[in-house]
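Just below is one structure, and these are the notes that go with it.
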Amino acid sequence: MKKETVLIQDTETAVKVQNSRIAAVRKKDIAKKAVRVYDKDLIGIGGAMGDIGWNTLEKSAVEDLESGIPYPHGIEGGLRDHRDYRRKSFTDEGLQMAMEKILGTLNEKFPALRFSEGLKQKETLHRMENTDGLDLEYRDAHTELFLLVKEKEGANLFDNMIVYYGRDFDVDGFLDHADRFLTAHLEKASLPEGEKVPVFFLMNDSLLGFLNRALNGEAYATGSSLLSGKLDAKIFNERITIEQNRDPEIAFTPFFDTEGVVKPCDKVELVKDGKLMNVFTDKQTASEYDLAHTGAASGGHDDVPSLSGAPLRFVPDAKNIANSLNGEPAILVSVTSGGEFTADGNYGAPVQCAYLFDGKRLLGRLPEFSIKSSLFDMLGKDYIGTFETDILPYTDKPLLQGFRMEIIR
Amino acid sequence: MISFPKHLYTDVRIEEIVDTRIRFKRKKLREQKTRRNKGAFIRVFDGERWYYGAVTDLGKLQSHVDELAAMATPVEGIEEHPVVKALEANERKEIRFEKDSVTKIPLEKKRGLLEEVLAFADDEAIVNTDAFYVDNRTMKKFFSSKGADLTFDKETTGIGITLDIAHGENKDRMSTSKAKSRFKDLKDAKGYFAEEIEKDVDFVKRAMPVEGGEHPVLFSPLATGVFTHESFGHKSEADFMIGDETMKREWSIGKEIGPEILSIVDDGGVEGSGLTPFDEEGTAAKKTHLIKEGRLAGRLHSALTSASLQEEPTGNARAVDFTFEPIVRMTTTYIEKGETPLQEIIQSMDKGYLVDTIKHGSGMSTFTIAPARAYRIENGEIKEPVKISVVTGSVFETLAHVEKLSSEFELLSFVGGGCGKMEQFPLPVGFGGPYTLVSKLKVQ
């Protein structure tokens, strides 16, 4: 019988803001543990939250073998890889002082606005070890700022949001960015003329969600993906490269999947120069459908590893947004909530908050509107590019992505 | 026994959770487990700030309480603070599910029920299935320095099934789920899955592109529930109004915001996903009319918001689990039933769409509903299925466009999702209502 242990330890301090003042401080200390045992092509798992002994969990895992859950795949082994991505970290007091400074400055500069939510400092440890010599450890710490912005004279629940998620949070740098962002928020602008205009996103969640479905190996193999049958075919604009990317520097996730698989450089190219190279898979999907194994198993600490989604990332393919616009006015979307793709790839979404944008500066806030396009237009003829940018420093290495889209006023 | 620190308000919520998860992928067993977890959430209040702690090592509860208390500033007379005064101090043991608890049902029976439901997925167009059975028993204990001493339970049991359907060039992923408070009621709901699977397959095989624009939209009870939740429910959560004079003016009690036929209720006492016998502050469940006959009649409160707005607490301070603090959330929210038979409503429509099931919804200034199954209506008849990406409307205007409510009415509960608010997702909620005709919404 082979044995594998999983430990996840999360600690967090959060400073919670309500009505532009600190209302609460929250501390978390949550441990999650699991033991997996493998015997005769079966897997048994015992898991719990809290300080439960490993022996107790192992006993549960052995009992769980009776459930008869098949796992006919070998386990990983012979690899020790310990990585620590922790850099800057706020103390509890430092975090409160940072939030006080941010609120003090924003309240003074923007008396017409109200702020809520807050600032967090999180630290995480993921460890996976097994009897075949696998010994993986990932440690990380990051700061997360999430402020909802509401106009005091407005009747919306909130009107905009400012976010940061990363390891190098700098209060003064953030305040400079917030100043530009909120000044533009209070400036009214008109939608650019024309039915189809350049629209930029801080990576569109609906698009990544839809691609997660289309590039899922199981959906691909069973014929239910929009991309089924198109491996090795050109599917998107030739500038587009999409990776399954587990590099913690970028993805803020462990560099190994829930089966303990580590890929070279922590990434696998799924789409390269517009051509479909791979779909993402776990061990089961790769073996069942004879697909390349990409190490995309997911699931909770005490779940049987399985395939659901993968951390996808567009590789930046352009640098200068203003040059790509060539003087044409554009839109930068700050808040779009509720958009969706139909099964055949048509996309529609309301845009609750957006800016007029010249590629360098935010020129004012636009009235609400809707956008319309399709997957193959967005990633085909209407694709403008994926840009590394410091215009909106919402993380340490932010990306902006642009498409020409139909505007419904 | 917790020793509460002096001159501070303190409460402790302890949760003991037993849950089961059984999962089949492509009709093969992939997971079958029962887990037991324990954790606690501690709150300390000094009149200025709250200090929260989420912990899993219950043996050290007292030291966690003391650690949080050390961060606070003790205030003599804290019990006279308006927020503390608004907190209820109920002492009760209310165990309603022990007799036929899901923990007493053998795993084989749960697995057998899931296999029976999966057997309905036999159409050749179904190329992949992912089905799960889940149940959850949560025992909660709540103690406060004000004297609250509560022990109560909550149970949910449910099945969810996701189908990948491919028929020629028509492909889609369809999901359906149902939750009940008791296993025997879930067993009785098998027929629901058979009907839903059949409708999903038919939809994918025949769905046509939609003609976008502004149209009348008829919502099913399920879609009505999401519409109510997203278009209005979040607006009724009073934490958005603290210290906000504009919001208080805009949402003043008595204001007319819909037609006279429209009444909206939130009720934490309804069994199902939204059941909240006591909220996470120990306040007992209440039935709250948010809109009565078209006029704003109430809103949802925690102790903090009720003290701030000088209204009665409603038992709506909820948290997704023991790792989060309570914030104002809905429980089971619904539109009360109308008087017009569904058939009569359909016959009255020249053109429009029926939204039958949904993928998701969201609500800001513009609310959206992403339909899963939708149908065109013409000359009083339901026609072919249509693919709609989103239906959108303004939360400020749409309720005024509610035109008809059916006499048919249904409350629903689900597993595998829930309501999201800021960092807390997914919170189980219940919703539903009658079939609801809205005279104009944007369809894309």
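The values are calculated or read from the model by the stated rules, or taken from the named source; none is laboratory data. Please read these numbers as outputs of a predicted model, since none were measured by experiment. Every residue, glycine among them, receives a Cβ derived from its backbone with ideal geometry; neighbour counts consider all protein chains shown.
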Q: Considering (1) surrounded by 17 or more Cβ atoms within 10 Å (Cβ to Cβ); (2) closer than 28 Å to B:S181 by Cβ, say which one B:V402 fails and leave the rest.
A: (2)
Q: Return a yes/no flag: does region B:84-92 have any residue that is within 14 Å of chain A (Cβ to nearest Cβ) and touching a Phe, Trp or Tyr at 6+ places or on another chain (Cβ under 7 Å).
A: no
Q. Within region A:258-272, is even one residue surrounded by 19 or more Cβ atoms within 10 Å (Cβ to Cβ) and among the small types (G, A, S)?
A. yes
Q: Would you tally the residues in region A:299-342 being more than 14 Å from chain B (Cβ to nearest Cβ) and either in contact with a Pro (Cβ under 7 Å, 6 or more places away or on another chain) or β-branched (V, I, T) (or both)?
A: 7
Q: Answer with yes or no whether B:G361 is surrounded by 19 or more Cβ atoms within 10 Å (Cβ to Cβ) and modelled with pLDDT under 95.
A: yes
(Q) Of the residues A:E117, A:E93, A:E100, only one is closer than 14 Å to A:K16 by Cα, modelled with pLDDT of 95 or more and within 11 Å of another protein chain (Cβ to nearest Cβ); which? (A) A:E117
Q: Check whether at least one residue in region A:388-396 is more than 14 Å from chain B (Cβ to nearest Cβ) and touching a His at 6+ places or on another chain (Cβ under 6 Å), and report yes or no.
A: yes
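For region A:278-311, which positions are among the hydroxyl-bearing types (S, T, Y), outside any helix (DSSP H, G or I) and under 21 Å from B:K28 (Cα atoms)?
A:T281, A:S298, A:S306, A:S308
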Q: All but one of (1) within 30 Å of A:P305 (Cβ to Cβ); (2) of a type in the set (K, R); (3) assigned to a strand (DSSP E or B) hold for B:K109, so report the exception by its number.
A: (3)
**Q.** All positions within region A:75-88 that are out of contact with any helix residue (DSSP H, G or I) (no Cβ under 8 Å at 6 or more places or on another chain) and either part of a strand (DSSP E or B) or surrounded by fewer than 16 Cβ atoms within 10 Å (Cβ to Cβ) (or both)
**A.** A:G77, A:G78, A:L79, A:R80, A:D81, A:H82, A:D84, A:R86, A:R87, A:K88
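Conditions (1) in the same structural domain as B:N37 (by TED's automatic domain parsing); (2) surrounded by 20 or more Cβ atoms within 10 Å (Cβ to Cβ); (3) among the aliphatic types (A, V, I, L, M), marked per residue:
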residue: B:L58; (1), (2), (3): yes, no, yes
residue: B:E67; (1), (2), (3): yes, no, no
residue: B:K110; (1), (2), (3): yes, yes, no
residue: B:A125; (1), (2), (3): yes, no, yes
residue: B:I159; (1), (2), (3): yes, yes, yes
residue: B:A166; (1), (2), (3): yes, yes, yes
**Q.** All positions within region A:49-89 that are under 24 Å from B:D57 (Cβ atoms) and more than 12 Å from chain B (Cβ to nearest Cβ)
**A.** A:G53, A:W54, A:N55, A:E58, A:K59, A:R86, A:S89
Q) within 13 Å of chain A (Cβ to nearest Cβ), assigned to a helix (DSSP H, G or I) and more than 17 Å from the chain's Cα centre (by Cα), is that true of B:F203? A) yes
Q: Residues that are more than 12 Å from chain A (Cβ to nearest Cβ): find the strands (runs of 3 or more DSSP E) completely inside region B:1-71 holding 2 or more of those.
A: B:9-25
(Q) Quick check on my filter: what residues within region A:18-41 are assigned to a strand (DSSP E or B) and more than 11 Å from chain B (Cβ to nearest Cβ)? (A) A:V35, A:R36, A:V37, A:Y38, A:D39
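Could you list all residues from region A:160-202 that are in a helix (DSSP H, G or I) and touching a strand residue (DSSP E or B) at 6+ places or on another chain (Cβ under 9 Å)?
Result: A:F174, A:H177, A:A178, A:R180, A:F181, A:L182, A:T183, A:A184, A:H185.
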Q.
Going residue by residue through region A:349-368, is there one that turns out to be among the hydrophobic types (A, V, I, L, M, F, W, C), at pLDDT 95 or above, surrounded by fewer than 18 Cβ atoms within 10 Å (Cβ to Cβ) and part of a strand (DSSP E or B)?
A. yes
Q.
Quick check on B:D356: is it more than 14 Å from chain A (Cβ to nearest Cβ) and either surrounded by 22 or more Cβ atoms within 10 Å (Cβ to Cβ) or charged (D, E, K, R) (or both)?
A. yes
Q.
Is it the case, given these coordinates, that B:T314 is under 24 Å from A:N156 (Cβ atoms), more than 13 Å from chain A (Cβ to nearest Cβ) and not small (G, A, S)?
A. yes
